[in-house]
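Trainee: Below is one structure. I have some questions about it.
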Amino acid sequence: MSNKQPCILVVDDEPDNLILLEEILTLEGYSTISAKSGKEALQVANQSPPDLILLDVMMPEIDGFEVCQWLRHHPRLKTIPIIFLTALDDEKSKLKGLELMGDDYITKPFNTRLLLAKIANILQLNQIRSQTTKSQNSQQLDEQSNLQLSAALRINQLLSEKLRLFVPEQFLSRIAPEGLNSIQLGDGKEEELTVLFCDIRDFTAIAESQNARDTFKWLNSFFQQMSACISANQGFIDKFLGDAIMAVFDRHECHSLNALKAAVMMQESLQEFNINYQKYNLREPVKIGIGIHTGIGVIGTLGSEKRMDSTVIGDVVNTASRLESLTKTYRCSIIVSEQVISEIEICQNNYQTGKQIETKRNSLNSQENFSNQIQNNQNNQSSYCEKNYYRWIDKVKLRGKQKAVNIYELLGTENNLIEPEKIATLSLFNKAIKGWKLGKYTAALEYFEQVKMLNSIDNIAGLYVERCREKLGLEQMGKNEVNLADPNF
């Protein structure tokens, strides 16, 4: 820019705003003139055209939009850059500002660094335009200005669309409610949501068995299919973690049901993916494990001023990840927490009775009572949604947790049976679990062995067969010890 101090006309009907803006601009090296109304602004601009105008909108007699419109039709003043600086933050006002060919639109309260950066950029851009169009006539100036404005709008639109590929719309609506310029480090919103973790089994071994380009190719294809399942059920991808996916479900009170349906759809989609697994130079079909938990999390921005990321933080994330890890221990596909089953049951019951959906689980007496209630209610599903199949598998203390939690294996839905053999033996399995919980290990063992006979690949039934035998062996050992201690032996 030239050595001459750029002159900025500040227009605002609030004296305190004028004083603040003049002080900020003076410290930055600009000269200023001020106007307390739209009418005064037109007079000042006509007498001594400024290099740029900071223009308020809501003013008596002549508002900022009318001032801009008048200036854009003035042969001598129409190229002066105009930045709307206003408390109006609705989309209609912003669109009107662009339609009147304002150079930018900033809402109050404003970020001082952002405002100064925009002023410097617009002044420099305006000077470049002036130098390149000096020799052209007025008509050429108008055409070039319109083309540049159109190009800038197209670029801005394209950038916004590309940004949404990296930051989901659900994040942007929370961290940038007033536009991309409003994103601030540390912005966050606490709310109840459901988190789904999906992990590829034995990924390290797979990656070692093929070149990086092949791995990259099938991973992208895999993620594409899994992402479609999540989006179809109103969820969004928080992040891809190399060989894993973290997804968030936050739409309406029954987001846990959306996550459940997404998990079932993901397992079905995986079967389709594995039909042609050999074309990706994979030695065997891909397997995945999924963990789902409902709880409170904070959605916001994390990082530093130079590099930040949008994410979800909270116990809900850690628990979902721990549940996914347990699918390896229990050798099953999908494990969900009791909170997820609770939300699903409440959703279905309330839709069935026409009650408003509860979002909290304060109606439950205890975890143990609810565990029994779940088994009793599995055949009493709501007509609001298809029937869901799941079974209690254990009560465990997750890593880093003080209290043990009930966990469930998801077997499918009425229209999507991902574990049909386990669903066929569900009644027997539940009887076996009831015996196990009551300490009737002989009866439980008989039921578990029947389940294994009907479905030899039911790993969880096999696990409980071993557990029952261990319990019975310990009991027998205790009886023998008593007999050996008997003086009449």
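Each value in this text was obtained by applying a stated rule to the coordinates, not by laboratory testing. Computed from a predicted model, the values in this text were never measured in an experiment. Cβ atoms come from the backbone with ideal geometry, glycine included; neighbour counts cover every protein chain shown.
Trainee: How about the range 423-437: which of its residues are over 38 Å from the mean Cα position of the chain (by Cα) and touching a residue at least 40 places away in the same chain (Cβ under 8 Å)?
Mentor: Lys434
Trainee: Check the range 75-88 and report whether any residue there is under 21 Å from Val44 (Cα atoms), touching a residue at least 12 places away in the same chain (Cβ under 8 Å), among the hydroxyl-bearing types (Ser, Thr, Tyr) and crowded, with 21+ Cβ neighbours inside 10 Å.
Mentor: So far as the range 75-88 goes, yes, one or more of its residues are under 21 Å from Val44 (Cα atoms), touching a residue at least 12 places away in the same chain (Cβ under 8 Å), among the hydroxyl-bearing types (Ser, Thr, Tyr) and crowded, with 21+ Cβ neighbours inside 10 Å.
Trainee: Now for a separate question. Within the range 404-422, take every residue that is surrounded by 16 or more Cβ atoms within 10 Å (Cβ to Cβ) and not in a strand (DSSP E or B) and give me the one that is farthest from the chain's Cα centre (by Cα).
Mentor: Per the criteria, the residue is Lys422.
Trainee: Select the strands (runs of 3 or more DSSP E) contained entirely in the range 43-116, then report the ones holding at least 1 residues which are more than 21 Å from Thr32 (Cβ to Cβ) and among the small types (Gly, Ala, Ser).
Mentor: none
Trainee: Additional query: Can you pull out every residue in the range 215-260 that is among the polar types (S, T, N, Q), in contact (Cβ under 8 Å) with a residue 12 or more places away in the chain and within 19 Å of Lys279 (Cα to Cα)?
Mentor: Ser221, Gln225
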